[in-house]
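Undergrad: One structure is given below, represented as structure tokens, and several questions about it will come after.
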Amino acid sequence: MSDPSRLDAVPPLRTATPEEAEAFVARLKAEGYDYLRFELADMAGLSRGKTIPVEHVAGYMQKGLNLYGGTVALDSGSVPVRGSGYNEEMNYQDGIMIPDTDTLTPVPWLERTGRVICDTMWYDGKVQLASPRMLLKKMLMIADQMGFRAMMGHEYEFYVVDAETRQPLFPGQPIFSTARTHAHPAIDDLIRTCKAQGIDIITYNVEHGPGQVEINYAAEIGVAASDTGFVFKNTVKEYLARHGLLATFMTKPYKGLSGSCSHFHISLLDKETGENAFLDRADPDGMSATFRSFIQGVLDHTRGAMAIWSPTPNCYRRIRPRTYAPSNISWGIQDRSASVRVKASKDKSTHMEVRVPSAMGNPYLIAASTIAAGLLGVMHKRKLMPAGQGPKEDDASYAKLPTEILDALDALEADTALCELLGEEFIKVYQAMKWQETMRLRDEIPAAETNEYFEQY
């Protein structure tokens, strides 16, 4: 096997043959679609793309659908990112979208409309390796070379408020209150809408904050897991808006109230046998050597990965002790105070839960960076540090998580091993984007500062 850390590309993308395109269009017509949305996830995880009448789909499948090539390198304000290599350096040229026909799902709130998730390349055939979905595919290819497949699931929280008044859907802190869970029909309708798109909902409930909701769906293998996260997040926002509601995945929308996270669950499977590579039934905790090294890899690279897991300045307002969010680099078995919680069930469900990522995190990038960090631990056979005793946030011996995005961006740049595995192209685009966003927002004057200083001083 070649050294996985040397892998620098994924298989090239290709457009469809006339036969493939016509067969897919026949399927679309048979399933009753008149329109098809070609969608891609930008760096923030937002859906961008174009909607195509079904009679034109075959042509775009054969030649690719043109789209501004720097779409994945737009910052959070949709401003092209200078110095990324994807904008002015390319003379702002188009790229093309290549639909993954396996991702076809309906868009239930639009009449006779479906969607496909797309990958992107330039017109010369060069794959956009900074594209979040392609980055995850690259990490999954490295895992495959090492003999593993990844079973993953994202666990998102979000707030729901009235779109006009911005008042939460319900007051108080009613965590797990059944009556609150079903207090508004739009939430139950949202569940049905998710299921209609093939999202396997397993639980839903209200959370700790007023109007805060958590909806969980089943784990999946490979890129499909993050495809589901992408469809889920965009469905929540787009569908609830049609009910006069605004759903926000903003990490810390309210001072003193719960932040919204994206706990990330992952296990590795032996690609030959399908068995859980994290399980060792002979171990007292049921944890294999591979599992322990993977956890340590994630811990080793947590500071660098933070800039990806918590991608905006607002995210770092969540990283505070005693706010139900981790504040240091730690692990523990069934330990909700740790940054990595090990679900040591001693059976095939054995896995880890990374509790650091925020709800604003892109599902593809959370998965890709976690896999990269964990695989580095496996490659180097890292020994897992002791779990320690008691609540982790009360133990001053643990290294702290960054509490500002500038510190996290510096940590990412300093983590040469993680940057090398993720790839120069992605790191260049991502760092340029986040520095541009951060500097632009830094120049804004927060209302709290005006309230504090303007009149008195």
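The values are calculated or read from the model by the stated rules, or taken from the named source; none is laboratory data. Because the structure is a prediction, the values reported are computed rather than measured. Cβ atoms come from the backbone with ideal geometry, glycine included; neighbour counts cover every protein chain shown. These area figures cover heavy atoms from the full protein model, side chains too; ligands, DNA and RNA do not enter into them. Shrake-Rupley method; radii C 1.70, N 1.55, O 1.52, S 1.80 Å.
Undergrad: Is it the case that Gln212 is touching a residue at least 12 places away in the same chain (Cβ under 8 Å) and either buried (at least 22 other Cβ atoms within 10 Å of the Cβ) or among the basic types (Lys, Arg) (or both)?
TA: For Gln212, the condition - touching a residue at least 12 places away in the same chain (Cβ under 8 Å) and either buried (at least 22 other Cβ atoms within 10 Å of the Cβ) or among the basic types (Lys, Arg) (or both) - is met.
Undergrad: Could you give me the residue pairs with C-beta distances under 8 Å whose first residue belongs to segment 8-37 and is farther than 30 Å from Glu420 by Cα and open to solvent by 30 Å² or more (accessible area, probe 1.4 Å), whose second residue is assigned to a helix (DSSP H, G or I) and of a type in the set (A, V, I, L, M, F, W, C) wherever it lies, and which are 6+ apart or on separate chains?
TA: Cβ pairs passing all conditions: Pro18/Ala58; Glu20/Met61; Glu22/Ala58; Lys29/Val54; Asp34/Val54; Tyr35/Val54.
Undergrad: While we're on this one: Would you point out which residue out of Ala179, Ala183 is modelled with pLDDT under 95, open to solvent by 20 Å² or more (accessible area, probe 1.4 Å), assigned to a loop (DSSP other than H, G, I, E, B) and not polar (S, T, N, Q)?
TA: That would be Ala183, the only listed residue that is modelled with pLDDT under 95, open to solvent by 20 Å² or more (accessible area, probe 1.4 Å), assigned to a loop (DSSP other than H, G, I, E, B) and not polar (S, T, N, Q).
Undergrad: Could you tell me which of the residues Arg37, Arg82 is under 18 Å from Val116 (Cα atoms) and not polar (S, T, N, Q)?
TA: Arg37
Undergrad: Follow-up. Just the residues that are in contact with a helix residue (DSSP H, G or I) (Cβ under 7 Å, 6 or more places away or on another chain) and open to solvent by 10 Å² or more (accessible area, probe 1.4 Å), please, taken from segment 129-148.
TA: Scanning segment 129-148 gives Leu129, Lys137, Leu140, Gln145, Met146.
Undergrad: Being closer than 18 Å to Ser260 by Cβ, open to solvent by 40 Å² or more (accessible area, probe 1.4 Å) and out of contact with any Phe, Trp or Tyr (no Cβ under 7 Å at 6 or more places or on another chain) is the filter here, so list the residues in segment 164-176 that pass it.
TA: Within segment 164-176, Arg166, Gln167, Leu169, Pro171, Gly172, Gln173, Ile175, Phe176 qualify.
Undergrad: Starting from segment 315-339, take each residue that is under 20 Å from His351 (Cα atoms) and list its partners that are small (Gly, Ala, Ser) and outside any loop (DSSP other than H, G, I, E, B), counting only C-beta distances under 6 angstrom and pairs at least six apart or across chains.
TA: Once the first residue is under 20 Å from His351 (Cα atoms) and sits in segment 315-339, its partners that are small (Gly, Ala, Ser) and outside any loop (DSSP other than H, G, I, E, B) give Ala338/Gly332.
Undergrad: Considering only residues that are assigned to a helix (DSSP H, G or I) and among the hydrophobic types (A, V, I, L, M, F, W, C), look in segment 438-457 and name the one that is surrounded by the most Cβ atoms within 10 Å (Cβ to Cβ).
TA: Top of the filtered list is Leu441.
Undergrad: Further question on the same structure: Based on what the data block shows, is Ile308 in a helix (DSSP H, G or I), aliphatic (A, V, I, L, M) and either surrounded by 22 or more Cβ atoms within 10 Å (Cβ to Cβ) or at pLDDT 95 or above (or both)?
TA: yes
Undergrad: How many of the residues making up segment 63-78 are surrounded by fewer than 21 Cβ atoms within 10 Å (Cβ to Cβ), without any contact (Cβ under 8 Å) to a residue 60 or more places away in the chain and not in a strand (DSSP E or B)?
TA: Result for segment 63-78: 2.
Undergrad: Regarding segment 91-101, can at least one residue be identified that is farther than 30 Å from Ser358 by Cβ, under 25 Å from the mean Cα position of the chain (by Cα) and open to solvent by 20 Å² or more (accessible area, probe 1.4 Å)?
TA: Within segment 91-101 (the criterion being farther than 30 Å from Ser358 by Cβ, under 25 Å from the mean Cα position of the chain (by Cα) and open to solvent by 20 Å² or more (accessible area, probe 1.4 Å)), the answer is yes, since at least one residue qualifies.
Undergrad: Name the strands (runs of 3 or more DSSP E) wholly within segment 195-262 that hold at least 2 residues that are modelled with pLDDT of 95 or more and within 16 Å of the chain's Cα centre (by Cα)? Show your work before the answer.
TA: On the way: elements: 201-206, 212-217, 245-248.
Where strands (runs of 3 or more DSSP E) fall fully within segment 195-262 and carry at least 2 residues being modelled with pLDDT of 95 or more and within 16 Å of the chain's Cα centre (by Cα), they are 212-217.
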